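Engineer: Provided herewith is a single structure, encoded as structure tokens, for subsequent inquiry.
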There are 2 protein chains.
Amino acid sequence: MSATDNQLAGTYNRNMGRWKNDARGRLEQAALALYQERGFEQTPVADIAARAGLTERTYFRHFADKREVLFGGSKELQERLVRGVAEAAPHLSPLEVVTAALETIQFFVPERREHARQRQRLLETNPELQERELMKLAALSGAAAEALRSRGVAEPAASLAADAGMAVFRAAFGHWIDDNDVQEFGHHVQQALEELRAVLLRP
Amino acid sequence: MSATDNQLAGTYNRNMGRWKNDARGRLEQAALALYQERGFEQTPVADIAARAGLTERTYFRHFADKREVLFGGSKELQERLVRGVAEAAPHLSPLEVVTAALETIQFFVPERREHARQRQRLLETNPELQERELMKLAALSGAAAEALRSRGVAEPAASLAADAGMAVFRAAFGHWIDDNDVQEFGHHVQQALEELRAVLLRP
DNA sequence: TAACGTCATGTCAGTGGCTGACATTAATTT
DNA sequence: AAATTAATGTCAGCCACTGACATGACGTTA
């Protein structure tokens, strides 16, 4: 009764897709907005749910916890990375396989940059969110290592290449976010890979 | 009144150092034991405190949250790593500086191995603890990068070298934990560094 | 030694994240 | 139209964590 007279539901109009008008998406939008307005810690989950025209209990049916609502894309990202590793050219070194996968991933495109930026600002100011981000990155690394093993790369090479690939990813992502000339993400990956080589070899 | 008739306080006898007989240490022991016996999630903080002869409120004066009790050594580890980076030989590459620091760190010694093993088993079976571990590792990486910058290493080289160093660290630590021949930690660091080089260069 | 100040701890009340159990209602199937 | 399914609501409760205040042990100083 009270979950329907909300504030934001009008943005995604009710009764257009009938009952569930992308409840999950509404929760994600409401959470991002509220986290930005009041800060993560100062935002009770109940408020997010209310803003989305839902109940706290329903929020927890869509997301495992208060943080997860900001990490919706990670599953798809991981799938694409794994596919990229599997389909990479056969003559590459393990690390090159991972960076090649990062380049062809088609995930960090201009349309997503603004959203990624806002999200990043939130993460930077909140340790709890950073923890979750690191966990997702670790999952990414683990999946990449598994995909490398499927290509015949042995341990510990696979895990090391995957972790090194994540280091490249972090550097590349940071530059892509800050970059005002809007270079392609793949460009930043190549730059970071070169930097890593230099850091490893040059005194 | 009730916090004194506890179960474990006798292990570290009361009234030896007067009032506070290493309350912090008692909490760490109690937590490790209970997390092993019942599992992390199934152990209320109140039980840890009671086992240490203290109150839940007092637990939270010693540790920021339920997980932090397992990460007491991380501050010292970070200090040693930073010192190692600062004091490393001048002719090394940035990554070699970090791995050299890891080798001279004198932290992963045989006496700590059993405790490290038990702790590791806990982490492996609990995502919440893994998140915190990753956060500590990220802090380590950040501190190493900062120390590299103090040596004149520019960005993004410093962060990349630090992250790559953490990749080496993870691999080395994993082998040190599993190693039955009890090789020195520094040995595993060198092995991992070589593996990383191979992974980067060899097709 | 008695008064005083400090610090670790205890007590209590309260917020909020998260869960299980059960009820309700829109949408789908038969 | 009845029966079934899926998404949501309601309610009660556990527990992590915090602020405010009280207490008791220790050291200091008059």
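Engineer: Using a 10 Å cut-off around each Cβ, can you sort B:ILE105, A:ILE177, A:ILE48 from fewest to most neighbouring Cβ atoms?
Structural biologist: A:ILE177, B:ILE105, A:ILE48
Engineer: Sticking with this structure for a sec: Among B:LEU137, A:LEU54, which comes first, second and so on when ranked by fewest other beta-carbon atoms within 10 Å? It would help to have the intermediate numbers written out before the result.
Structural biologist: Numbers: B:LEU137 18, A:LEU54 24.
Least crowded to most crowded, the residues run B:LEU137, A:LEU54.
Engineer: Additional query: Tell me, what are the semi-axes, in whole angstrom and largest first, of the equivalent ellipsoid of chain B as set by the roots of 5 times the Cα gyration tensor eigenvalues?
Structural biologist: Details: eigenvalues 276, 62, 47 Å².
Semi-axis lengths for chain B are 37, 18, 15 Å.
Engineer: Could I ask something else about it? Going down the list A:LYS66/A:LYS136; A:LYS136/B:LYS75; A:LYS136/B:LYS136; B:LYS66/B:LYS136, which pairs span over 21 Å between their C-alpha atoms? Provide the component values of the computation, followed by the final result.
Structural biologist: Values: A:LYS66/A:LYS136 15 Å; A:LYS136/B:LYS75 24 Å; A:LYS136/B:LYS136 15 Å; B:LYS66/B:LYS136 15 Å.
The answer is A:LYS136/B:LYS75.
Engineer: Which residues among region A:83-99 fall inside the zone where the amide N is under 19 Å from a point 7 Å beyond the Cα of A:GLU194, along Cα→Cβ?
Structural biologist: A:93, A:95-99
Engineer: If you don't mind, another one. Which FRET efficiency value, to the nearest 0.05, do you get for B:GLN36 and A:GLU37 by plugging their Cβ-Cβ distance into 1/(1 + (r/R0)^6) with R0 = 41 Å? Each step should come with its number before you reach the end.
Structural biologist: Numbers: r = 43 Å, r/R0 = 1.05.
That gives a FRET efficiency of 0.45.
Engineer: Here's another thing I want to ask about it. Using Cα pairs closer than 8 Å and at least 6 residues apart in sequence, work out the relative contact order for region B:68-162, in percent. Let's see the in-between values first.
Structural biologist: Numbers: 68 pairs, mean separation 34.4, N = 95.
Computed over region B:68-162, the figure is 36 percent.
Engineer: If each of A:THR104 and A:GLU79 carries a label point 7 Å out from its Cα toward its Cβ, how far apart are those two points in nm?
Structural biologist: Result: 1.8 nm between the two label points.
Engineer: Related question: Across peptide B:132-142, how many C-beta atoms of other chains are within 10 Å of each residue C-beta, on average?
Structural biologist: 3
Engineer: Given a Förster radius of 41 Å and the C-beta distance between A:ALA139 and B:SER150 as r, what FRET efficiency does 1/(1 + (r/R0)^6) yield to the nearest 0.05?
Structural biologist: Numbers: r = 33 Å, r/R0 = 0.80.
Efficiency, from the Cβ-Cβ distance: 0.80.
Engineer: While we're looking at this one, here's another question. Starting from the 7 Å offset along Cα-to-Cβ, what nm value, one decimal, do you get for the label separation of B:GLN120 and B:ASP47?
Structural biologist: 2.6 nm
Engineer: Given only helices, namely DSSP H runs of n ≥ 4 each adding -39500 (n - 2.57), what is the per-residue ellipticity at 222 nm of chain B, to the nearest 500 deg cm²/dmol? Can you show the working numbers first?
Structural biologist: On the way: 9 runs with 132 residues, N = 203.
Here the helix-only value at 222 nm equals -21000 deg cm²/dmol.
Engineer: How large is ³J(HN,Hα), in whole Hz, for each residue of region A:99-109 in order, when computed from phi with the Karplus curve 6.51 cos²θ - 1.76 cosθ + 1.60 and θ = phi - 60°, using x for Gly and Pro?
Structural biologist: 5, 4, 4, 4, 5, 9, 6, 6, 10, 9, 9
Engineer: Take the alpha-carbon centre of region B:114-145, take the same for region A:22-86, and report the distance between them in whole Å.
Structural biologist: 26 Å
Engineer: Let me ask you something else. If I take every Cα pair under 8 Å that is 6 or more residues apart in chain A, average their sequence separation and divide by the length, what percent do I get for the relative contact order? Can you show the working numbers first?
Structural biologist: Details: 192 pairs, mean separation 36.6, N = 203.
Across chain A, relative contact order equals 18 percent.
Engineer: Could I ask something else about it? Ranking A:ASP65, A:ASP163 by Cβ neighbours within 10 Å, fewest first, what do you get?
Structural biologist: Details: A:ASP65 11, A:ASP163 29.
Going from least to most buried by this count: A:ASP65, A:ASP163.
Engineer: Find the Cα radius of gyration of the protein assembly as shown, compare it with 2.2 N^0.38 Å by division, and give the number to two decimals. Don't skip to the answer; put the middle values down first.
Structural biologist: Details: Rg = 23.8 Å, N = 406, 2.2 N^0.38 = 21.6 Å.
The value comes to 1.10.
Only the coordinates and a few stated rules stand behind these numbers; no lab work does. Just so we're clear, the structure is a prediction, and the values are computed from it rather than from any experiment. Reconstructed Cβ throughout: ideal geometry from the backbone, glycine too, with neighbour counts over all protein chains shown.
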